[in-house]
Amino acid sequence: MESEGILLGMGNPLLDISAVVDNDFLNKYGVTLNNAILAEDKHLPMYDELASKKNVEYIAGGATQNSIRVAQWMLQTPGATSFIGCIGKDKFGEEMKKNSKLAGLNVHYYEDEAAPTGTCAVCVVGGERSLIANLSAANCYKSDHLKKPENWSLVEKAKYFYIAGFFLTVSPESIQLVGEHAAATNKVFAMNLSAPFICEFFKDVQEKALSYVDYVFGNETEARTFSKVHGWETENVEEIAIKISQWPKASGAHKRITVITQGADPAVVAEDGKVTLFPVILLPKEKLVDTNGAGDAFVGGFLSQLVKQKPIGECVRAGCYAANVIIQRSGCTYPEKPDFK
């Protein structure tokens, strides 16, 4: 049985505003498909326009929170997971709290008085998605909240930590505190490359955090960007995965394992200087609803077995299963119970 609070996520809680749009909509706001970016001023009218669409859906999202929700769903043990992040005191914040509690998460949100709850525009075209995050309150998280006894107790209780790279733009000092705690107590710390812009523009804080990370997740585009930024002069995902796994570590208690997904191509797992490829579950095109949350779901499925101390192949299999479920549904949502055997 998984102990209460065994897995703690920390990140940017965003309410996904998800709708099917067309290419004209993307062009109007200068958005490319299959991208993840932070909103600029030119994108701000997009949120109201999406919200006015007939097919709009609101889903408690944000990369880390998605992964933790999926892990919780896979585990089916009430309170096995916890989540920390910042929301606003508004109707979207209330929606987020309601959604998260229904998902079985133990959430400790910092509620910012001034900023509205963060939102993420999810523009879906032909099953593919583009994400434009307006962090707002999510950007206001402070490590002072983490240090409060009632919140730090979640850190002390957890044995596994997961933080998406997006949080590097908000509170690198909070990540540092968790990383140092994990290294000092031989706990497991997992992180995601998250987006090419993180690798490019937050290189220094990403490198600093990486020394504490035992499991690095990412997709092939992020891996190639990481390689380019570090002057590795290779686009070979397997080579890059090995190099990331060999990055210096702050704690020798655990070796680092790199897990890179490649859409419909096999997932790459690098450890001990060698690579293993794991085929994914292929889905007929007509069953694909949208890819939003596929990477987050993969991580959530993976973590659900990792906390059970299952072998890596089983963790990857669970990740592929969860991603396969999510891409057949709208947004990062799932049926009431998993049928993962």
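The values are calculated or read from the model by the stated rules, or taken from the named source; none is laboratory data. Note that this is a predicted model, so its numbers are computed, not measured. Positions of Cβ are generated from backbone atoms using ideal geometry, with glycine treated the same way; all protein chains shown enter the neighbour counts. Please note that ligands, DNA and RNA were not included when accessible areas were found on the heavy atoms of the full protein model with its side chains. Shrake-Rupley method; radii C 1.70, N 1.55, O 1.52, S 1.80 Å.
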Order Thr276, Thr258 by their accessible area, 1.4 angstrom probe, all chains in place, largest first. Thr276, Thr258
Which semi-axes, in whole Å and largest first, does the equivalent ellipsoid of the stretch 227-294 have when worked out from the alpha carbon gyration tensor as the square roots of 5 times its eigenvalues? 28, 14, 11
The computed P(r) of the stretch 26-109 puts the percent of Cα pairs beyond 14 Å at 71 percent
Could you tell me the largest-minus-smallest coordinate of the C-alpha atoms of the stretch 158-244 on each of the three principal axes, in descending order and whole angstroms? 36, 24, 17
Here FRET efficiency (C-beta to C-beta, Ser3 to Lys147, R₀ 35 Å, nearest 0.05) is 0.90
Could you check the spin-label model distance between Val229 and Asn27? Points 7 Å from the Cα along Cα→Cβ, value in nm. 3.2 nm
Candidate residues Lys337, Lys203: accessible-area rank, largest first, probe 1.4 Å: Lys337, Lys203
Taking 0.36 nm per residue of separation between Val289 and Glu314 and subtracting their Cα-Cα distance, the length gained on full extension comes to 6.4 nm
Can you give me the % of accessible surface on the chain that is carbon or sulfur? Probe 1.4 Å, all protein chains present, nothing else counted. 51 percent
Enter the accessible area per residue of the stretch 58-181 (Å², integer; probe 1.4 Å; all protein chains in place). 34 Å²
Where nothing but the Cβ of Lys and Arg (+1) and of Asp and Glu (-1) is charged, how large is the charge dipole of the chain around its Cα centre, in debye to the nearest 20? 780 debye
Round to the nearest 10 and report in Å² the accessible area of Ser153, as given by a 1.4 Å probe over the protein chains' heavy atoms. 50 Å²
With every protein chain present, what accessible area does Met46 have (1.4 Å probe, heavy atoms only), rounded to the nearest 10 Å²? 0 Å²
Cα-based Rg/(2.2 N^0.38 Å) for the stretch 97-235, rounded to two decimals, is 1.14
Whole number please: convex hull volume per residue of the Cα set in the chain, in Å³? 128 Å³
Accessible-area ranking of Trp73, Trp232, largest first, probe 1.4 Å: Trp232, Trp73
Need one number: % antiparallel among DSSP beta bridges in the stretch 1-90, to the nearest 5. 55 percent
So, R0 is 22 Å and r is the distance between the beta-carbons of Thr276 and Lys341; what FRET efficiency does that work out to, to 0.05? 0.50
For every helix of n ≥ 4 consecutive DSSP H residues, a contribution of -39,500 (n - 2.57) applies; sum these over the chain, divide by its total residues, and give [θ] at 222 nm rounded to the nearest 500 deg cm²/dmol. -11000 deg cm²/dmol
Where the stretch 273-341 is the region considered: accessible area per residue in Å², 1.4 Å probe: 47 Å²
Cα-Cα pairs of the stretch 188-341 separated by more than 20 Å (percent): 48 percent
What full-extension length gain, to one decimal in nm, is calculated for Ser52 and Lys98 as 0.36 nm per residue of separation minus the Cα-Cα distance? 14.3 nm
Among Val188, Val259, Val31, the residue with the largest mean-square fluctuation in a Gaussian network model of the chain built from Cα contacts under 10 Å is Val31
Go ahead and set up a Gaussian network model of the chain, Cα springs under 10 Å, then flag whichever of Gly313, Gly61, Gly301 fluctuates most. Gly313
Heavy-atom accessible area of Ile327 with all protein chains present, probe 1.4 Å, nearest 10 Å²? 30 Å²
